[in-house]
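Colleague: Sharing a structure here in structure tokens format.
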Amino acid sequence: MPKIQFFNKVDIMHTVSRSFQDLQTLKHCGVIDIISTMYLPIQVKQPGTARDLFDWLLDAEIKRGAMAGVNIHPALGIHPMMVPSDTKVLDGALQYLESALKTKKAIAVGETGLHHGTPEEFISFKRHLELAHQYNLPAIIHTPREQKAELTKVIMKELRKHKVERALIDHATKENIAIILQDPRRNVKIGVSISKSNLSKKDAILLYKNYSYENRYILNSNAGSGPGDMLSVIKSIEEFEKAGFRSRILQKLCYDNALDIFGGILRESSL
Ligand SMILES: [Zn+2]
């Protein structure tokens with residue numbers, strides 16, 4: 001039976017906030033495929049900011065990953081916590097998003113979703129879903145800490161409406177997992193972010209024990225500039241192993257299920 005160190009592993013995080021050494025550490029721990037979503041603690045105040053951030057991910061960040069020995073797969077979106085409050089600015093930023101998606105270098109659209117649930121976030125979220133559908137890309141969708149159940153219901157309704165077939169509903173907890181699972185589609189995945197601000201390793205195991213949908217989960221660290229642990233996926237898998245879960249299932253949680261929706265990982269892996 002293969003042990004965790006021999007598994008392929010993928011993680012989803014905000015690499016722009018991590019150092020070069022961090023990327024090398026991930027490589028040494030066997031995480032060589034990283035889906036990178038853009039998050040910085042700013043609100044976009046002019047459309048050009050979005051353009052510059054997309055360019056950063058699509059160019060310098062991919063090159064930086066390659067130098068460190070990891071494949072960085074950029075996802076493009078305006079994170080709900082960065083959404084402009086001025087709808088004109090938002091409109092311009094969304095136009096840059098579409099131009100960036102046309103380069104076909106993105107593996108997914110996102111993070112998008114709802115955080116405070118403002119009208120601007122909602123406009124932005126719907127446009128991201130339209131673009132995901134139009135460009136046949138999976139969507140990475142943020143669910144918030146507050147009003148989690150309520151806003152997840154809105155999110156799931158929009159997802160169905162926009163006919164997005166592949167999605168990751170991220171930062172799932174016991175408060176919204178049953179709502180996500182009401183959508184029976186295998187490729188609507190449940191993102192389990194193991195970090196200080198979301199679920200502990202123990203909570204992740206408990207969630208899985210209560211809702212054992214082995215084909216639906218994707219573990220991720222969601223590491224960025226905050227106190228999250230970029231090795232939390234690896235450490236959680238070790239905890240799952242200790243708790244007696246079979247390698248076949250663990251391989252799904254840390255890689256195979258991600259491949260179901262982010263097939264581009266295989267095409268783009270160059271190492
Ligand atoms: Zn998020």
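Quick note: the coordinates plus some simple rules give every number you see, no bench work behind them. These numbers were taken from a predicted model, which means no experiment stands behind them. Here Cβ is always computed from backbone atoms with ideal geometry, including for glycine, and neighbour counts include all displayed protein chains.
Colleague: Given Cα pairs under 8 Å that are at least 6 residues apart, what percent is the relative contact order of the stretch 4-268?
Modeller: The normalised contact order for the stretch 4-268 reaches 19 percent.
Colleague: I'd like to know which of Ala68, Gln46, Ile78 lies farthest towards the positive end of the charge dipole of the stretch 1-110, counting +1 on Cβ of Lys and Arg and -1 on Cβ of Asp and Glu.
Modeller: Of Ala68, Gln46, Ile78, it is Ala68.
Colleague: Each residue of the stretch 92-103 in order: what ³J(HN,Hα) in whole Hz does its phi give by Karplus 6.51 cos²θ - 1.76 cosθ + 1.60, θ = phi - 60°, with x for Gly and Pro?
Modeller: Rounded to whole hertz, the list is x, 5, 5, 5, 5, 4, 4, 4, 5, 5, 5, 5.
Colleague: Counting helices only, and only those DSSP H runs with n ≥ 4, report the 222 nm mean residue ellipticity of the chain as the sum of -39,500 (n - 2.57) divided by its residues, in deg cm²/dmol to the nearest 500.
Modeller: Estimated from H runs of four or more residues: -12000 deg cm²/dmol.
Colleague: Quick one: what are the phi-derived ³J(HN,Hα) couplings along the stretch 188-195, Karplus 6.51/-1.76/1.60 with θ = phi - 60°, whole Hz, x for glycine and proline?
Modeller: 9, 8, 9, x, 10, 8, 9, 7
Colleague: Under a Cβ-only charge scheme (Lys and Arg +1, Asp and Glu -1), can you give me the dipole magnitude of the chain about the Cα centre, in debye to the nearest 20?
Modeller: Once rounded to the nearest 20, the dipole reads 660 debye.
Colleague: Among Thr103, Leu90, Ile205, pick out the residue whose Cα is farthest towards the positive end of the charge dipole of the stretch 63-222, where Lys and Arg carry +1 and Asp and Glu carry -1 on C-beta, about the Cα centre.
Modeller: Ile205
Colleague: Let me ask you something else. Considering the stretch 1-64, what Rg and Dmax in Å follow from its alpha-carbon atoms?
Modeller: 14.6, 53
Colleague: Next question. Viscosity 1.002 mPa s, temperature 20 °C: Stokes-Einstein D of the stretch 210-271 from its Kirkwood Cα radius, in µm² per second?
Modeller: 166 µm²/s
Colleague: Among the trypsin sites (Lys or Arg not before Pro) within the stretch 38-143, which fall in a DSSP loop and have no more than 13 other Cβ atoms within 10 Å of their own Cβ?
Modeller: Details: sites: Lys45, Arg51, Lys63, Arg64, Lys88, Lys102, Lys104, Lys105, Lys126, Arg127; in loops: Lys45, Lys104, Lys105.
In loop regions of the stretch 38-143 (DSSP not H, G, I, E or B), the sparsely surrounded trypsin sites (Lys or Arg not before Pro) are Lys45, Lys104.
Colleague: Can you tell me which lysines have their Cα less than 21 Å from the Cα of Lys126? Leave out same-chain residues fewer than eight positions away.
Modeller: Lys45, Lys88, Lys102, Lys104, Lys148, Lys153, Lys157, Lys161, Lys163, Lys189
Colleague: On to the next question. Would you list the P(r) distribution for the stretch 4-268, with all Cα-Cα distances sorted into 10 Å bins from 0 and each bin expressed as a whole %?
Modeller: Bin by bin from 0 Å, the calculated values are 7, 33, 39, 18, 2, 0.
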